[in-house]
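The values are calculated or read from the model by the stated rules, or taken from the named source; none is laboratory data. Values in this document were obtained by computation on a predicted structure and should not be read as measured data. Cβ placement follows ideal geometry from the backbone for every residue including glycine, while neighbour counts extend to all protein chains displayed. Remember, those area values only see protein heavy atoms, side chains included, never the ligands or the DNA or RNA. Shrake-Rupley method; radii C 1.70, N 1.55, O 1.52, S 1.80 Å.
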Amino acid sequence: NCEVIVYSADHKASMATLSQERRELLVRVWGERVRALMAIPAVQAVMPFENRGEEAGVTLHHPHGQIYAFSYLPPIIETMAQSFEDGYDLTKLTTSATHAIAQTDGMTALVPPFARFPYETWIVPKTFRASPGDLTAGEVSDCAHLLAVVSKAYDTFFKRVCPYVMIVYVAPRGMESFFPF
């Protein structure tokens with residue numbers, strides 16, 4: 001299953017330029033769609049994502065993201081799940097001055113110690129949540145705010161609209177007690 005979420009009718013809009021209210025709506029939509037798709041018995045994992053810029057594979061030139069629902073665990077999610085099941089606690093990084101680049105009351109934008117890409121950033125709730133659908137209203141607001149902070153920082157650093165791939169990791173079926181959003 002694949003769904004497309006159009007962020008704005010403005011073709012020049014981006015995560016960095018959307019209003020706070022629009023980004024909050026997007027975070028809530030991720031949560032609602034994850035909940036609805038995980039209600040389908042065959043679905044094992046749901047992965048919202050955005051690829052921005054031609055360098056990241058964009059072929060439709062308007063601000064949008066997609067949501068894939070899988071009947072199996074994609075390998076990267078399976079590997080992550082094993083780490084989390086073995087006890088890796090991602091929320092410990094949310095209080096690390098070494099890794100944090102921006103913080104709000106409920107969320108931290110951080111560079112993970114296991115970064116695979118030159119400018120990888122994660123936005124992590126300070127309290128364990130399995131899905132964006134589990135966030136409090138304050139955490140939704142904080143997440144939306146940090147999405148703008150990070151994307152604006154990328155655009156500023158590169159002095160142009162920065163291509164990226166953003167993946168929203170959520171707990172796969174049966175892993176809601178240990179796999180963090």
Hey, what did the range 1-102 get for relative contact order, percent, Cα under 8 Å, at least 6 apart? 34
Highest-fluctuation residue, Ile77, Ile67, Ile40 considered, GNM on the chain with Cα pairs under 10 Å: Ile40
State the percentage of accessible surface on the chain attributable to carbon and sulfur atoms; use a 1.4 Å probe and exclude ligands, DNA and RNA. 57
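Dividing the convex hull volume of the alpha carbon atoms of the chain by its residue count, what do you get in Å³ per residue?
Spelled out: Cα convex hull of the chain, divided by residues, is 117 Å³.
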The relative contact order of the range 67-178, taking Cα pairs under 8 Å that sit 6 or more residues apart, comes to a percentage of 22
GNM on the chain, C-alpha springs below 10 Å: top fluctuator among Gly87, Gly138, Gly31? Gly87
Between Lys152 and Ala42, what is the label-point separation in nm under the 7 Å Cα-to-beta-carbon projection? 4.4
Å² of accessible area per residue within the chain, as computed with a 1.4 Å probe and no ligands counted: 51
Estimated [θ] at 222 nm from DSSP helical runs (n ≥ 4, -39500 (n - 2.57)) normalised by residues in the chain, nearest 500: -9500 deg cm²/dmol
With Cα springs under 10 Å, the Gaussian network model of the chain assigns the largest mean-square fluctuation among Lys92, Lys159, Lys12 to Lys159
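At 0.36 nm per residue, and after removing the present C-alpha to C-alpha distance, how many nm does the segment from Val161 to Gln20 gain when stretched out fully?
48.9 nm
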